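Structure record follows, encoded as structure tokens.
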Amino acid sequence: MVEVLAAETVETVDLFTMGYWLTLLTFGVSAVGMFVGLACAVNGRRSVRFRPVWIAAAAVSIGGIGVWLASTVSLLGISIPGHILRYDVSDLTLSLVFAVAAVFLGLLLAGREFQVKRMANAAAALGVGFGIMLWLQLTSVDIQGSVSVTPLLFVIAIVVAVTASSLCVFLFQRFRFPAARIGSITMFGAGVAVFYFTGIAALEFRFDPDAEPAQGMELFGYAFPMFVIGLLSLAVPITAVLVAPERPDETPRAKKTVDAADNDSPAGGTSATGEPGPAATRPNAAAALAQRAQPLPEPAR
């Protein structure tokens, strides 16, 4: 063991092998995923019967595209001069499952309206899910030697992810004007970028010439097809949002408002605005039957 440790050397990681434009691509993918996901979440808040379907579409858009795909594509910029990096495809795919599941559970726990207890439960679900996702992504990297993760930086990355996601959900629930939506999308994209770079900074590579060569798949052969499939898959929720009928908010708050408006109208009379109440606009069944029972007048001769 002593000889092996002596043979290992800590390697310097280059985070921008493909250029700084990859960081802008990460932000763009995150923003697009969050934009489509928020549109699906809006429809999920207004719907009762199809709410789980809309939440699932939002989870795929936000967790699958906005978080997982953005961070996976960003891994293409990592390189170690003179060494080969390989990735475990099974771990990367499993991390996708946890990312989508975390957002789905987080949105369900957050509910339609803001509540501190619900938000805390949603933040816990997002933290656990994103933590597992990041761990699987980081440990999927293999080199001729060993790869370790710095616990402190790993925890900081999880805190960043949970904070950014919780703030976005808070803005979505409390403020519904366009500026709040833009702020949520921008904050989410920046949060994913910080989350990714903090997680990568937690990696520590030690090269050992006596160890086995790196096992796994080259990342580009996996990330590029997933990038194309992910962006094409956004066509499904986008189409669903465009063809979804315009309907009023079916949340409990909206229903209470409608019921209160109905109760303000007196039965069989007029409302405060002078319009006929609900009972006045309904036909009287007994009067209609009595009218039909009256004999018809005799025709004039």
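Throughout, read-outs are computed from the coordinates displayed, never taken from laboratory work. What you see is a predicted model, and the numbers here were worked out from it, not measured in a lab. Cβ coordinates were reconstructed from backbone atoms using ideal geometry, including for glycine residues, and neighbour counts include every protein chain displayed.
Going toward the positive end of the dipole of segment 126-244, with +1 on Lys and Arg Cβ and -1 on Asp and Glu Cβ, which of VAL194, PRO213, LEU242 do you reach last?
So the residue furthest toward the plus end is LEU242.
So what is the relative contact order for segment 23-147, in percent, with contacts set as C-alpha pairs under 8 Å and at least six apart? Please report the intermediate quantities before stating the final value.
Values: 153 pairs, mean separation 32.7, N = 125.
Computed over segment 23-147, the figure is 26 percent.
Give me the distance in nm between label points sitting 7 Å out from Cα along the Cα-to-Cβ direction at VAL147 and ILE229, one decimal.
2.0
Sorted from largest to smallest, which semi-axis lengths in Å does the alpha carbon gyration tensor of segment 78-119 give for its equivalent ellipsoid, taking the root of 5 times each eigenvalue?
Numbers: eigenvalues 279, 31, 6 Å².
Computed over segment 78-119, the values are 37, 12, 5 Å.
Write down, largest first, the equivalent ellipsoid semi-axes of segment 1-145 in whole Å, where each equals the square root of 5 times an eigenvalue of the alpha-carbon gyration tensor. Spell out each step's value before the answer.
Details: eigenvalues 263, 61, 27 Å².
Those come to 36, 17, 12 Å.
In terms of the ratio Rg/(2.2 N^0.38 Å) built on C-alpha atoms, what value belongs to segment 77-221? Can you show the working numbers first?
Details: Rg = 17.7 Å, N = 145, 2.2 N^0.38 = 14.6 Å.
For segment 77-221, the normalised Cα radius of gyration comes out at 1.21.
Mind grabbing the base-10 log of I(q)/I(0) for segment 182-236 at q = 0.22 Å⁻¹? Debye formula, identical points on the C-alpha positions, no solvent, two decimal places.
With one equal scatterer per Cα and no solvent, log10 I(q)/I(0) is -1.07.
Give me the one-decimal nm value for the distance between modelled label points at ALA124 and ASP208, 7 Å along each residue's Cα-to-Cβ direction.
Here the answer is 3.9 nm between the modelled labels.
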